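The values are calculated or read from the model by the stated rules, or taken from the named source; none is laboratory data. On a predicted model such as this, the values are computed, not experimentally measured, just so you know. Glycine also receives a Cβ, built like all others from the backbone with ideal geometry; neighbour counts cover every protein chain displayed. Protein only, heavy atoms only, side chains kept; ligands, DNA and RNA dropped before computing areas. Shrake-Rupley method; radii C 1.70, N 1.55, O 1.52, S 1.80 Å.
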Amino acid sequence: MKLKEVTLNKLKRHIPHTKFARAYQKLMTSEKDSLLSFEDKFILLKLAIIFCNFGDKHLKKLGYRIILRYSNLSNDYIPLYDIAMANDHISVAKFIEINYLNKEKIENSFNCIFLSAYKENFKYGEIYLSAGQKDIIEFAEETSGNFAIVAPTSYGKTDIIISLIKKNISKKVCIVVPTKALLSQTRKRIMGNEDLAKQINRIIVHQDMYKGNEKNFVAVLTQERLLRLLEENEKLGLDLILVDEAHNLLYGEARDVLLAQVLMLSKKRNSRVEFQFFTPFLVDVNSLKIPYMKYEIEEKKVEENIKVERYYYCEKKNRYRLYLYDQFIDEPLNIEGPLFDDDISFIMHHKGVKNIVYLNRTRDLETAALDLASQNGSLNGINKEVEELCKDISSYLHEDYNLLKCIKGGVVYHHGSMPDIIRLYAEDIFTKMHEFKFIVTSSTLLEGVNIPAEKMFVLNCSIGTRYLSSSQFRNLAGRVCRFKDVFKENFGNLKMLEPDIYVVGGIFARKGVNIKNFLKHRVKDDKKISDKIENVLLLDKEKNTAINEEKKEEIEKALEYLENIEPETTKTSKAKYAQSEIGKACFKNNVTEFDIIEKELNLQKLFETIDKNTKIDDLNNLLSTIAKLFITLIDFNESLTRENVSNLLRLENPKAQSFYAMLLSWRMSGSPYKMMIRKFLDHWDKVEDKIVYFGKKWGEIKRKESDFSPLFVDISRKPPAQRVNLAIVRIKEEQDFIDNVLIKYIEVLNDLGLLDKTFYEKIKYGSADPDTICLLKNGFSMDLAGRVTEEKYKQYVSIDVAEENVKINPDIISAMKEHGENKLIIFEVGYHLS
């Protein structure tokens, strides 16, 4: 082979049984430098230099990996320093200069002084950037129009978004985030920048906060809230939309299609609107283009690879024997070590200082967290701070909450069935307190959650009903060893540039999974991968010959839906439009559980039977009206695959209507979580039928043999402590169902003028008090809104109902501490400080 023709693929064909192969295996499987001979080191470093200078991009990464591994094993960081400088990995080079190089030599060497001065070109505030980080920051500052930045986590996305807001401060700017949990977090990050906070009076986080005459603003919204904002303000056109976690646009769920529809609607309103996308992983930027509107996307992709993951795997059938899957040579390497009998023992042996444990099912997640806590050792009685936070969570929820048992064992968990504030608090204490070694999490970690960790254990390779895709798995792996932790002053460690990712085929693994093949298809370095586009609005039905008739029909329905929201958005000639007032209201409120056009005639006939002279101000009447008007129109077959539809179908049953009337009554009275838990437990004690609906996440049994999947739990068989935990997750699941699904039908009835105004406001906000509503629109929880409006805190709180603006004086924190407020309340108020 000529040097210029060297490729990783050719190398793999030539290296078996060579000295390089033996040396490389020792390098990758050894934990001590002494196991490598002088000849091994000579061969490895010589070839690494050749790979870095003459190989293809995959071989260059292998060369870098060899040097990185060698330096970390031997503590000889000169080779890594040289390669870091050659590739402008300045953050790495500066860390080595400060911590490992001879300072006296640097001070007396012209070359060292020159290189040290060169590094100052990459200084950004108090940190040093790599070339890739510097490039994307400069690209964002200098580029206008549509663009996509593709960069791993920890590359400074928040700083870029802040700089873009500053750059466009005189415009209407909206940041679209994938979840409601990220609304307050993103707002806090933006307002945490002092310069920007001085220029922004407030940040819109709810569609009702917009006053209708604002020439410029900054909004942080989910796609649902942005759609509602645009629908309620027909003349509003945005100037700039920043799409966070933009890879979600490729997926095919209803929310992903809605995101595409919102972008199309925004383009219709303002043809000059700019779309700027941020994603940790994307093969081709053109995958983000929606073919039903004309626009180009400029791309900036980070190609550098400063971190190189080490992927390990083991399986229960082999007693958790450990292998290292090498993504460059595509071979498993045996790692010598003890054998284990279960997942938890394996994790405890291989754990680091901070660890992420990933599972797919929330029920398995809590089980694993409890098992880890029992083996990790008790903090109870040792740490007063831990005892205090347990006391506060117990006071906020219940003393039997599973999270408390986990916390006492140095473990927290994180999933979508937790109260939002508890989930945020779990992130915070794991980040800030060294006592917590493990965070056990579901796919909620993929949605912008940034926490410190050096190792990851993947106990299930799935997300939902599918395997994690290559982009999802790499995104997950990218959550460990973030740069701010790698290069942290006095605590940083370059060994964290080689994160350990363990994929475990144990008791929590998907049945029949082949982990070696899973890794091969996800992380093999020279494997050709492409973006998998499932969102029907990203498919061009005219040019893509592979689209079948069923998929074309889905595309037409999605376009028709958008046309009914705003005519002439899609230019489609096949669209049918709703003719009735109720049909139009269904489109406006994003009703997708049945075909509105197909069912419009029946819908109108049912609507004509409703008494329109008397406003609905009673929950039982409200639920029965929703059932009468809408539920009979839903296709039963849809319920087999869509849980929200299945939930809605339950409303045909008067008992289910009474149940949701009870939940809505708690919402209207602003019941705190602790009270709702007690009421839920009382409800279960009173009902005769102890077979309770829980849905797919928590269901254990089928009510009937013909049921598609287990959706129910026999409460009579659960001890009191388990009932408490089931009540907590059920309350959160039901709240999400009300917020995401049921509220749409309530909005339809309100738009049709059928609801009493005060009754409607209490359902929507939990209060009819203008000050409280203003706080809730600004992202305050009901608990916090009730607290900050108390007389003892009024001096710290300014509420401008007319402008939908709230300002909180930071001194409120000290006042709350003096009054002995729950730490969770104090923690939440920190998200809203002015």
Report summary line: Of the conditions (1) more than 22 Å from residue 360 (Cβ to Cβ); (2) in contact with a helix residue (DSSP H, G or I) (Cβ under 7 Å, 6 or more places away or on another chain); (3) without any contact (Cβ under 8 Å) to a residue 40 or more places away in the chain, the single one that residue 449 does not satisfy is (1)
Query - Positions within segment 505-529 being over 28 Å from residue 284 (Cβ atoms), β-branched (Val, Ile, Thr), out of contact with any Phe, Trp or Tyr (no Cβ under 6 Å at 6 or more places or on another chain) and in contact (Cβ under 8 Å) with a residue 60 or more places away in the chain, in sequence order - result: 507
Requested in this report: Please list, ordered by first then second residue, the pairs with beta carbon atoms under 8 Å, 6 or more apart or interchain, first in segment 183-197 and open to solvent by 40 Å² or more (accessible area, probe 1.4 Å), second part of a helix (DSSP H, G or I) and among the basic types (Lys, Arg).
Outcome: 195/166
Report task. Take the residues in segment 405-428 that are among the aliphatic types (A, V, I, L, M) and open to solvent by 10 Å² or more (accessible area, probe 1.4 Å), then tell me which one is farthest from residue 360 (Cα to Cα). Result -> 421
Requested in this report: Looking only at segment 214-246, count how many residues are under 20 Å from residue 278 (Cα atoms), touching a residue at least 40 places away in the same chain (Cβ under 8 Å), open to solvent by 20 Å² or more (accessible area, probe 1.4 Å) and assigned to a helix (DSSP H, G or I).
Outcome: 1
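Rundown of residues vs (1) over 26 Å from residue 151 (Cβ atoms); (2) at pLDDT 75 or above; (3) polar (S, T, N, Q), yes/no style:
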| position | (1), (2), (3) |
| --- | --- |
| 96 | no, yes, no |
| 103 | yes, no, no |
| 108 | yes, no, yes |
| 111 | yes, no, yes |
| 118 | no, yes, no |
| 121 | no, yes, yes |
| 127 | no, yes, no |
| 131 | no, yes, no |
| 134 | no, yes, no |
Requested in this report: Pick out, from segment 129-193, the helices (runs of 4 or more DSSP H) lying fully within it that include 3 or more residues that are under 30 Å from residue 421 (Cβ atoms) and touching a strand residue (DSSP E or B) at 6+ places or on another chain (Cβ under 9 Å).
Outcome: 157-167, 181-191
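Scanning for something assigned to a helix (DSSP H, G or I) and of a type in the set (Ser, Thr, Tyr), does segment 7-28 turn up at least one residue?
yes
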Query raised in the report: Would segment 386-404 turn up any residue that is in a helix (DSSP H, G or I), without any contact (Cβ under 8 Å) to a residue 40 or more places away in the chain, farther than 22 Å from residue 734 by Cβ and within 25 Å of the chain's Cα centre (by Cα)?
Result: yes
Report task. Restrict the check to segment 315-322 and report whether at least one residue is out of contact with any helix residue (DSSP H, G or I) (no Cβ under 6 Å at 6 or more places or on another chain), part of a loop (DSSP other than H, G, I, E, B) and buried (at least 18 other Cβ atoms within 10 Å of the Cβ). Result -> yes
Query raised in the report: When you look at residue 76, is it farther than 23 Å from residue 303 by Cα and outside any helix (DSSP H, G or I), yes or no?
Result: yes
Query raised in the report: open to solvent by less than 40 Å² (accessible area, probe 1.4 Å), free of Cβ contacts under 8 Å to residues at least 40 places away in the same chain, of a type in the set (A, V, I, L, M) and over 21 Å from residue 624 (Cβ atoms): does that describe residue 713?
Result: yes
**Report entry** Unique residue being within 22 Å of residue 777 (Cα to Cα) and surrounded by fewer than 21 Cβ atoms within 10 Å (Cβ to Cβ) when the list is 167, 180, 134
**Finding:** 180
Query - Check on residue 234, of a type outside the set (Val, Ile, Thr) and either within 23 Å of residue 427 (Cβ to Cβ) or out of contact with any Leu (no Cβ under 9 Å at 6 or more places or on another chain) (or both) - result: yes
Query raised in the report: What are the residues in segment 335-355 that are open to solvent by 20 Å² or more (accessible area, probe 1.4 Å), touching a residue at least 60 places away in the same chain (Cβ under 8 Å) and not basic (Lys, Arg), if any?
Result: 335, 336, 342, 350, 353
Query raised in the report: Of 245, 214, which residue is at pLDDT below 90, closer than 20 Å to residue 164 by Cβ and among the acidic types (Asp, Glu)?
Result: 214
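Which residue, of 457, 473, is in a strand (DSSP E or B), of a type in the set (Phe, Trp, Tyr) and under 21 Å from the mean Cα position of the chain (by Cα)?
Working: 473 fails: in a strand (DSSP E or B).
Of 457, 473, the one residue that is in a strand (DSSP E or B), of a type in the set (Phe, Trp, Tyr) and under 21 Å from the mean Cα position of the chain (by Cα) is 457.
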Query raised in the report: Before we move on, is residue 748 closer than 17 Å to residue 422 by Cβ, at pLDDT 95 or above and either of a type in the set (A, V, I, L, M) or surrounded by 18 or more Cβ atoms within 10 Å (Cβ to Cβ) (or both)?
Result: no
Query - Of all residues in segment 198-213 being of a type in the set (S, T, N, Q) and not in a helix (DSSP H, G or I), the one that is least open to solvent (accessible area, probe 1.4 Å) - result: 201
**Report entry** Residue satisfying all of: in segment 257-271; over 23 Å from the mean Cα position of the chain (by Cα) and part of a helix (DSSP H, G or I); surrounded by the most Cβ atoms within 10 Å (Cβ to Cβ) among these
**Finding:** 266
Query raised in the report: How many of the residues in segment 45-100 are open to solvent by 30 Å² or more (accessible area, probe 1.4 Å), under 14 Å from residue 306 (Cα atoms) and of a type in the set (D, E, K, R)?
Result: 5
Report task. Please state which one of 296, 274 is over 30 Å from residue 437 (Cβ atoms), at pLDDT 95 or above, open to solvent by 10 Å² or more (accessible area, probe 1.4 Å) and out of contact with any helix residue (DSSP H, G or I) (no Cβ under 8 Å at 6 or more places or on another chain). Result -> 274
Query raised in the report: Does residue 718 count as crowded, with 17+ Cβ neighbours inside 10 Å and more than 30 Å from residue 786 (Cα to Cα)?
Result: yes
Query raised in the report: Out of the residues in segment 443-454 that are among the small types (Gly, Ala, Ser) and in a loop (DSSP other than H, G, I, E, B), which is modelled with the highest pLDDT?
Result: 453
Requested in this report: Would you point out the residue of segment 630-648, among those that are open to solvent by less than 70 Å² (accessible area, probe 1.4 Å), farther than 12 Å from residue 741 by Cα and part of a helix (DSSP H, G or I), that is modelled with the highest pLDDT?
Outcome: 631
Report summary line: Listed by first then second residue, the pairs whose first member lies in segment 1-28 and is open to solvent by 40 Å² or more (accessible area, probe 1.4 Å) and at pLDDT 80 or above, whose partner is part of a helix (DSSP H, G or I) and hydrophobic (A, V, I, L, M, F, W, C), with beta carbons under 6 Å and at least 6 positions apart or on separate chains, are 19/43; 26/35
**Report entry** The one condition in (1) touching a His at 6+ places or on another chain (Cβ under 7 Å); (2) of a type in the set (A, V, I, L, M); (3) surrounded by fewer than 19 Cβ atoms within 10 Å (Cβ to Cβ) that residue 724 fails to fulfil
**Finding:** (3)
